[in-house]
1. Among the listed residues K136, K148, identify the single one that is more than 24 Å from S212 (Cβ to Cβ) and either modelled with pLDDT of 90 or more or surrounded by fewer than 18 Cβ atoms within 10 Å (Cβ to Cβ) (or both).
2. Across the range 89-117, what is the number of residues that are within 18 Å of C58 (Cβ to Cβ) and touching a residue at least 60 places away in the same chain (Cβ under 8 Å)?
3. Kindly indicate which of Y129, Y120 is closer than 21 Å to K209 by Cα, touching a helix residue (DSSP H, G or I) at 6+ places or on another chain (Cβ under 7 Å) and either in a loop (DSSP other than H, G, I, E, B) or not assigned by TED's automatic domain parsing to the domain that holds K228 (or both).
Amino acid sequence: MSTANRYQHIKSTKPVVGKARKLKDLMIKSDNRICADCGAPDPKWASANIGVFLCLKCGDVHRALGPDISKVLSVTLDDWSDSDIDSMVEVGGNSYANSIYEAFLPKDHPKPKPDSTMEYRTKFIRAKYETQDFLKPSLRISSRSSFKSTTSVKSVDSNFSSTSRKDVFEDTREFVGELNITLVKGTNLAVRDMLTSDPYVVLTLGGQKVQSTVKKSDLNPVWNEVLKISVPRNYGPLKLR
């Protein structure tokens, strides 16, 4: 074997440390071995744009916020893009993200626990990421999303009676699987504005709601994206309509 061929053989068999390895290394850090929001052990989900690891229940709440706020991916089942991995690595995981999103968390506002109700879990996560109640006020327009909210959790919550809240969260306490729906495109959609439309798709199941990206001024939109939603236990037959 020539020197050049021997060098080529050694080079080709040398282990390659890629971006997938970076994600794996990030996952095994002690602070990333628990859910960023409730502390449940061994999280299997992550918000790629926020940079935190999540348990199934908290991940489901994040998914309901929509991808513009939190892009939820499975750390074991989904294919991660290079940009998603770069985003996670850039943040560094739960500790740094929580130091930002919980910087002004009041002492009398405890975080959810692994066994907390879905109602309390949802209120906390919405306050933390959607209305950003616990950020330093000057930082409450997140650099990681285009979302800007002027609605407080309290004002939203006041629109629901205790009965309706029970109905919303009853079906989302336990999940038996995940439903993935591939949204491909729309053709010759109706005009809803003056001359065009800004179409999007909303998927609901039980108390969950997932929204696609908005396609500006497009009557023939192409999405090619997957909407994910958890299937509650004892929900019954699923129907598409």
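The values are calculated or read from the model by the stated rules, or taken from the named source; none is laboratory data. These figures come from a predicted structure and were not determined experimentally. Here the Cβ positions follow ideal geometry from the backbone for every residue, glycine too, while neighbour counts run over all protein chains shown.
1. Values: K148 fails: more than 24 Å from S212 (Cβ to Cβ).
Matching residue, one of K136, K148: K136.
2. Total meeting the criteria: 10.
3. Numbers: Y120 fails: touching a helix residue (DSSP H, G or I) at 6+ places or on another chain (Cβ under 7 Å).
Exactly one residue qualifies, and that residue is Y129.
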